[in-house]
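Nothing in this text is a laboratory measurement; each read-out follows from the coordinates by a stated rule. Bear in mind the structure is a predicted one, so any value in this text is a computation, not a measurement. Cβ atoms come from the backbone with ideal geometry, glycine included; neighbour counts cover every protein chain shown.
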Amino acid sequence: MLLNPQLNAHGALTHLLSTEGLPKDILLRILDTAAAFVGITDREVKKVPLLRGKSVFNLFFENSTRTRTTFEIAAKRLSADVLNLDISRSSTAKGETLLDTIDNLCAMHADMFVVRHAASGAPYLIAEHLKRIGKHDIHVVNAGDGRHAHPTQGLLDMYTIRHFKQDFERLTVAIIGDILHSRVARSDIHALTTLGTPEIRAIGPQTLLPTQLAQMGVKVCHNMQEGLQGCDVIIMLRLQNERMNGALLPSASEYFKYYGLTPEKLALAKPDAIVMHPGPMNRGVEIDSEVADGPQAVILDQVTFGIAVRMAVMSILAGN
Amino acid sequence: MLLNPQLNAHGALTHLLSTEGLPKDILLRILDTAAAFVGITDREVKKVPLLRGKSVFNLFFENSTRTRTTFEIAAKRLSADVLNLDISRSSTAKGETLLDTIDNLCAMHADMFVVRHAASGAPYLIAEHLKRIGKHDIHVVNAGDGRHAHPTQGLLDMYTIRHFKQDFERLTVAIIGDILHSRVARSDIHALTTLGTPEIRAIGPQTLLPTQLAQMGVKVCHNMQEGLQGCDVIIMLRLQNERMNGALLPSASEYFKYYGLTPEKLALAKPDAIVMHPGPMNRGVEIDSEVADGPQAVILDQVTFGIAVRMAVMSILAGN
Amino acid sequence: MLLNPQLNAHGALTHLLSTEGLPKDILLRILDTAAAFVGITDREVKKVPLLRGKSVFNLFFENSTRTRTTFEIAAKRLSADVLNLDISRSSTAKGETLLDTIDNLCAMHADMFVVRHAASGAPYLIAEHLKRIGKHDIHVVNAGDGRHAHPTQGLLDMYTIRHFKQDFERLTVAIIGDILHSRVARSDIHALTTLGTPEIRAIGPQTLLPTQLAQMGVKVCHNMQEGLQGCDVIIMLRLQNERMNGALLPSASEYFKYYGLTPEKLALAKPDAIVMHPGPMNRGVEIDSEVADGPQAVILDQVTFGIAVRMAVMSILAGN
């Protein structure tokens, strides 16, 4: 049997690399722990000493101010020392290998690496290396790797869905947009499946849907009319600017016409359906402002829960 | 009656956007509070726990390492968590609107935004938005917006003047240089006026003086001989490099000849006149080194008081 | 008698500018203090409150993410507030002089400057200036100045050697590579000499060896066979990429052939010789991977000891 690289020998979470392969009880434990942290961020003093004296390194090989900021806030609210490494200007740029960089940071007694990388699998490579060199007390959190996974986004999406819909067992969830290039979609699909969601639908133009959706148990819909019917949860994806100018799509306005979420299209879903988006939004491209700012949107709740979920993940990894 | 956007319903300071429109008692309260913090920065341990657990976001849409650093020090000495957002590389750069960025940071439970922006009015826009969405416990500090205002610089200038001259009611203050493009000059003039300064003079080439000075109660002088006569306080402004190459001025050496503060020109003022400058100085352009390093210069005192004034502003906004 | 600019009137360390001229008792005190900090970085909570409330400014005029990170970690583990100044985008870039920048940071009540500068002597200039203006309680740590010195690297190298070889009095140490451009080599040679190392050898191509080695008491060897014979300690230097393309060296592979440390060449040294490298390594240029990852390499120990040594230096300077 292949060991799950995210779990240690006792079956406890030691890295968060993907929602794929995470047992249901661990997913639920993260969500339950996050619930406790939602309360803390509402308090006057938003700090707890759970990671005091720990060194958390933000290793962003790919720039993302938003995601880095959420991890930095989460770590600081846990009282950790946070070190932001500007990797593009670091030793890696001077020709040092990724694993030599990691070895060096381990030697500085790092406790946790939050890794964002354009290459799918980079956080796995780091986690495997840590195991090989016997650094079992250093933890990796994947903050987005290539098209592969973005597990904390997946988890905060699960938190948001559970918050508004209580459980997953009677839900119909639609994921809409550029699923082919979306690590968020992939992380959501795996988590939703493990948590028992009976119907997951993918909606988007043929060119932006991966071929393996059916074998992941996802129902492919090519138009919004069919896909939104009776939905409880709608997850919109960001359309990357570079896709719009490429060969995959005719134009942003054409895209909006067919796949942009307008009040009219939203009316096809259940009346109490919630609308989610990982941000940053392209208003007028994948989502109409009336929907984005409307009563069914829970997009800012996602952001709030995201801090709590990241605090929960870091806290669990650190052994609390 | 138009409500003052800087005050809440109870008349307390809730944002610091401009010295314009700030009541005298609030100006004085900030200066008095700063006096207490001047003592703290002299101590062995320069920290107080007034903002412990609070998240202060530095949103510098326009780069200014110096000003960002002063706010970062002030916030850290108040024990806040400081988050520096590299806005030029952030979601705003990915096409997200300014207010969507703000909404996201609010959802992360920000407590304070320190905003620097090239566009006049950007901090007002943010403050109005926070009011509209009911976020009454999130505060905005303007760290410089376009040509409009730089209120903490204005306040630290007032602190410096009061420190050396006790009160404002018998003073003659000269502001010298590129007043047209100076948010510092504007913030100083409003604060000096509210605090009862009887004579404020503006000295500079015609092309660098705004037309509305007279209606602000400022006396326009076109030469240093006339303007410096009998002055108690001399506020030099930085000449931006880009002005010197532009159409507004013949050359830096020409400028220095007419408006540069030399020991000879300084002798026209009162013997105990103080010389101020917001920094960074262009030695040999707007100010002679002999004056900059001389006994009448209080330029470094301004820097020291600046930290205390920023601590005072943040502390008052946070409700202490 | 010329006063040592690193010591105050009582002979105590007040700046760390170079290992050159540091008395043996001060070198040993730093190493002994570091030993205590090695234990701390192994603990669950890696923080001590020795620098609580102090403001440490990282002034990196030359970019070095690795070195800046080690100082930032060290300062944070001492509970200091750390301010990273992006000097390339700061007031210095706006034409402010270096000493005006320093005056401003002093006025903000800085406690320590960690300075990296491409110009040899820049940290001395700052230290002299602080003395001239009477700021005796502000300390300078040289984090690398031009080709001149990198004293914390020299000290961590001494710590590493003492850790593995107990004392210096019977050792043969070989330094290999581009000694001409290496501040690390210079700092190592001075420290080794003061600590009583009987034989220091320099190995490298003629074009990369400075002329004054003999008068520093260093034996020059032009080939590895001669130089490695009977060595206890081998210090490899990084070959800067720019050297390889220049006129000083034929090619990287040629360099590796003659001066790259391979298992075969390593076998010429004593069987228990240790291999050191300041990082980042160019594998296959100055060092073979088999050596870099082999049992005699202590390269990652150097990194670990480096944090402790920097904590020791900062702590001693701050008067603990």
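In table form, for the structure just shown:
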{"read-out": "Hull volume in cubic angstrom per residue (convex hull over the Cα atoms of the stretch A:126-237)", "value": "114"}
{"read-out": "Cα centre as origin, Lys/Arg/Asp/Glu Cβ charges: the protein assembly as shown dipole, Debye", "value": "720"}
{"read-out": "Hz values of 3J(HN,Hα) by residue in the stretch B:250-266 - Karplus curve (6.51, -1.76, 1.60), Gly and Pro given as x", "value": "x, 6, 5, 6, 4, 4, 4, 4, 8, 10, x, 8, 9, x, 5, 5, 4"}
{"read-out": "Dipole magnitude (debye, nearest 20) for the stretch C:152-303, charges at Cβ of Lys, Arg, Asp, Glu", "value": "280"}
{"read-out": "Ascending list, in nanometres, of distances separating the B:H136 label from those of the other copies (7 Å, Cα toward Cβ)", "value": "5.5, 5.5"}
{"read-out": "Most mobile of C:K54, C:K165, C:K257 in a GNM of chain C (Cα contacts under 10 Å)", "value": "C:K257"}
{"read-out": "Cα centroid of the stretch A:33-92 to Cα centroid of the stretch C:217-293, whole Å", "value": "40"}
{"read-out": "Listed residues A:P123, A:P250, A:P151, most fluctuating in chain A (Gaussian network, C-alpha, under 10 Å)", "value": "A:P250"}
{"read-out": "With at most 13 neighbouring Cβ atoms within 10 Å, loop GluC sites (Glu not before Pro) (DSSP) excluded, longest segment of chain A", "value": "A:170-320"}
{"read-out": "Zone residues, the stretch A:54-83, relative to A:A118, backbone N less than 12 Å from point 7 Å out along Cα-to-Cβ", "value": "A:61-63"}
{"read-out": "DSSP bridge orientation in the protein assembly as shown - percent antiparallel, rounded to nearest 5", "value": "5"}
{"read-out": "Label geometry 7 Å along the beta-carbon vector: B:E264 inter-copy distances in nm", "value": "7.8, 7.8"}
{"read-out": "Theoretical FRET efficiency, 1/(1+(r/R0)^6), r = Cβ-Cβ of B:D293 and B:T211, R0 45 Å, to 0.05", "value": "0.80"}
{"read-out": "Radius of gyration and Dmax over the Cα atoms of the stretch B:215-320, both given in Å", "value": "16.1, 50"}
{"read-out": "Among C:N142, C:A127, C:G21 - extreme Cα towards positive end, dipole of the stretch C:9-168, charges at beta-carbon", "value": "C:N142"}
{"read-out": "³J(HN,Hα) computed for each position of the stretch B:201-216 - Karplus, 6.51 cos²θ - 1.76 cosθ + 1.60, integer Hz, glycine/proline x", "value": "10, 10, 10, x, x, 2, 5, 10, 10, x, 6, 8, 4, 4, 6, 8"}
{"read-out": "Among B:L248, B:L228, B:L213: highest mean-square fluctuation, GNM of chain B, C-alpha pairs under 10 Å", "value": "B:L248"}
{"read-out": "Charge sum, other residues only, whose C-beta stays under 13 Å from C:I26's C-beta, Lys/Arg counted +1 and Asp/Glu -1", "value": "-1"}
{"read-out": "Furthest towards positive pole of dipole, B:L249, B:Q215, B:L171, structure part the stretch B:151-299, Cβ charges", "value": "B:Q215"}
{"read-out": "Computed over the stretch C:152-303: relative contact order in percent, which uses C-alpha pairs under 8 Å that are six or more apart", "value": "24"}
{"read-out": "Inter-label distance for C:D25 and A:E44, nm, one decimal - labels placed 7 Å from Cα along Cα-to-Cβ", "value": "5.2"}
{"read-out": "Viscosity 1.567 mPa s, 4 °C: Kirkwood-radius Stokes-Einstein D of the protein assembly as shown over Cα pairs, µm²/s", "value": "42"}
{"read-out": "Pairwise FRET efficiency - A:A9 versus B:K135, Cβ, R0 = 51 Å, nearest 0.05", "value": "0.60"}
{"read-out": "As computed over chain C, the Cα convex hull volume per residue (Å³)", "value": "138"}
{"read-out": "Neighbour net charge for B:T14 - beta-carbon separation under 13 angstrom, K R +1, D E -1", "value": "-1"}
{"read-out": "Two-decimal Rg to Rh for the stretch B:151-299 - Kirkwood Rh, Cα set", "value": "0.92"}
{"read-out": "Label spacing, shortest first and in nm, from A:Q229 to its equivalents in the remaining copies (7 angstrom along Cα→Cβ)", "value": "9.0, 9.0"}
{"read-out": "Computed [θ] at 222 nm, deg cm²/dmol, chain B (DSSP H ≥ 4; -39,500 (n - 2.57); rounded to nearest 500)", "value": "-11500 deg cm²/dmol"}
{"read-out": "Convex hull of Cα atoms in the stretch C:1-149, direction-averaged projection (nm²)", "value": "9.6"}
{"read-out": "Environment charge at A:F164 (Cβ cut-off 13 Å; Lys +1, Arg +1, Asp -1, Glu -1)", "value": "-2"}
{"read-out": "Relative contact order (percent, whole number), chain C, Cα cutoff 8 Å, 6+ residue spacing", "value": "20"}
